[in-house]
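Single-structure report; data block below.
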Amino acid sequence: MRYSDGPRVECEVHIEAPAARVWALVTDIELPARLSNELQRVAWLDGAEGPEPGARFEGHNHNAMLGDWRTVSHVIELDEQRVFAWAVTDVDGRYGAPTVDPAKPLATWRYELEADGEGTRLRQSALIGPGPSGVTLAIERWPDKEEELVALRLGELRAGMETALRGIKALAEERD
């Protein structure tokens, strides 16, 4: 797959907990930093205290190959107990011209919740691009390895998602 194809990865899990409990976890933007090797810390911006359409949050990331970087994400879809999605922008211009335009993100992330028997089916997905990112920098350096580089990044994202979903499942299924 090429970068221009809109590479996407998706994982899902069944959680033995009601959607309201799962929703509280997936909309806690600080939780992924506890479950991720790459995302280090997150904070709401502009006085926001939680997710709402248009709200923004800052993320600080670390990757062994790319080092440290900051992003600003924009909540682009919010449907209570069903969908939480955000577009990640390169506000500092680490990968090209700085942008705060959620229509030109580094990536778009999405959680979808669906009733599933007594529990909830939780699906997480990430779409890379269309804006420039660490993947595009690598492709510029090694254009003949584009498909390998995209596959490598999708594999990293899948592994991170699987870890996060296992963590969310464990937390949601904890008995008080």
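Bear in mind that the values in this text are calculations on the coordinates, not laboratory data. The shown structure was predicted, so the numbers you read here are calculated from the model rather than taken from an experiment. All Cβ positions, glycine included, derive from the backbone under ideal geometry; neighbour counts span all protein chains shown.
Of the GluC sites (Glu not before Pro) in region 142-176, which ones lie in a loop per DSSP and count no more than 14 other C-beta atoms within 10 Å? Present the calculation step by step, with values, prior to reporting the outcome.
Numbers: sites: GLU146, GLU147, GLU148, GLU156, GLU162, GLU173, GLU174; in loops: GLU174.
Passing both the DSSP loop test and the Cβ count: GLU174.
Within the chain, which whole H helices from DSSP have a Cα span along their axis of at least 15 Å and a mean Kyte-Doolittle hydropathy of -0.5 or more, if any? Show your work: numbers first, answer last.
Details: long enough: 146-173 (40 Å, 0.07).
Result, helices passing both filters: 146-173.
What's the ranking of 83-92, 98-107 by average number of surrounding C-beta atoms within 10 Å, highest first? Mind dumping the intermediate values first?
Details: 83-92: 19.9, 98-107: 17.1.
Top to bottom by mean Cβ count within 10 Å: 83-92, 98-107.
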